[in-house]
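The values are calculated or read from the model by the stated rules, or taken from the named source; none is laboratory data. Source: prediction; values computed, not measured. Backbone-built Cβ (ideal geometry, glycine too); neighbour counts: all protein chains shown.
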Amino acid sequence: MPAPSRVLDPSTQQALAERLRFYRELGLTDFYRRPAQAIQQMDVPGLASETQDPSSQPIYPQETEIPPRKPIAAPPAVAPAVTDSAAALRIIREQIGECTRCALHTGRNELVFGDGSPDARLLFVGEGPGADEDAQGLPFVGKAGQLLNNMIAAMGLKREEVYIANVVKCRPPQNRTPEPDEANTCAPFLFQQIDVIRPEVIVALGATAATYLLGQRQPLAGLRGRVHTWRGSKLIVTYHPAFLLRDPRQKKEAWADLQIAMRELGLQAPAKA
């Protein structure tokens with residue numbers, strides 16, 4: 001016997017609808033929420049078109065609210081003792097060691113430091129490792145990574161010409177959004193990596209990267225479409241590839257963001273064969 005439909009009062013319907021739309025716009029897909037079936041059972045007008053097939057979505061633990069996040073200030077710029085970028089990155093990796101600074105290490109298989117050219121003009125920052133990344137110790141190697149590779153190729157570049165890193169270097173349980181203490185603990189190492197590489201352009205992939213890089217918590221709509229300045233680099237905000245896999249309609253918008261980065265780098269898209 002199917003579970004009875006839960007009819008919410010109008011004010012609650014509106015609040016729920018606005019909250020879900022806000023987080024969709026923000027680009028958050030890996031936040032705690034009720035199972036998709038429970039959302040479908042709620043009679044909320046206007047949300048039917050936004051609810052995806054539950055069979056294709058992971059089931060998250062039931063929580064009463066989204067875990068809070070807050071921005072952190074970037075630490076002072078790091079002046080490495082060596083001028084070789086690759087050597088300086090190795091020093092940072094050695095300083096991290098077999099990190100146990102936050103609780104994320106308890107479920108870690110591999111620490112995911114970063115990947116790419118130490119002299120990259122373009123640097124991508126994501127949220128955190130997923131299952132494939134945790135297994136291989138490299139960022140963006142799963143399905144989202146394949147899409148990111150395609151995005152990089154569309155810009156006329158190769159993956160080995162750019163640098164890719166994340167806000168946190170250990171996989172959060174079930175790919176949830178990093179908690180503030182986790183991100184606050186790990187992000188300074190990311191900032192050190194950026195100080196060493198000194199990219200001309202940084203692309204923040206998704207809301208978490210944008211929040212901890214820019215130090216402000218806003219919907220992506222308020223951060224996209226323009227060039228920010230961050231620690232001597234130009235910073236562009238766009239959607240996370242994992243979000244684009246869930247909502248391919250936004251790929252056109254993401255491409256528009258990447259074209260801003262290309263203009264800053266003086267790049268032109270390769271001619272189609």
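In region 175-193, is there at least one residue being touching a Ser or Thr at 6+ places or on another chain (Cβ under 7 Å) and either among the polar types (S, T, N, Q) or within 27 Å of residue 96 (Cα to Cα) (or both)?
Within region 175-193, one or more residues are touching a Ser or Thr at 6+ places or on another chain (Cβ under 7 Å) and either among the polar types (S, T, N, Q) or within 27 Å of residue 96 (Cα to Cα) (or both).
With touching a strand residue (DSSP E or B) at 6+ places or on another chain (Cβ under 8 Å), in the same structural domain as residue 255 (by TED's automatic domain parsing) and of a type in the set (S, T, N, Q) as the only criterion, which of 229, 177, 211 stands out? Outline the logic, then answer.
Values: 177 fails: touching a strand residue (DSSP E or B) at 6+ places or on another chain (Cβ under 8 Å); 211 fails: touching a strand residue (DSSP E or B) at 6+ places or on another chain (Cβ under 8 Å).
Selected residue: 229, the only one of 229, 177, 211 that is touching a strand residue (DSSP E or B) at 6+ places or on another chain (Cβ under 8 Å), in the same structural domain as residue 255 (by TED's automatic domain parsing) and of a type in the set (S, T, N, Q).
Yes or no: region 148-168 includes at least one residue that is within 28 Å of residue 107 (Cβ to Cβ) and out of contact with any helix residue (DSSP H, G or I) (no Cβ under 8 Å at 6 or more places or on another chain). Walk me through how you get there before you give the answer.
Quick first cut of region 148-168, residues within 28 Å of residue 107 (Cβ to Cβ) only: 148-149, 159, 163-168.
Next, from what is left, pick out any that are out of contact with any helix residue (DSSP H, G or I) (no Cβ under 8 Å at 6 or more places or on another chain): none.
Checking region 148-168: not a single residue is within 28 Å of residue 107 (Cβ to Cβ) and out of contact with any helix residue (DSSP H, G or I) (no Cβ under 8 Å at 6 or more places or on another chain).
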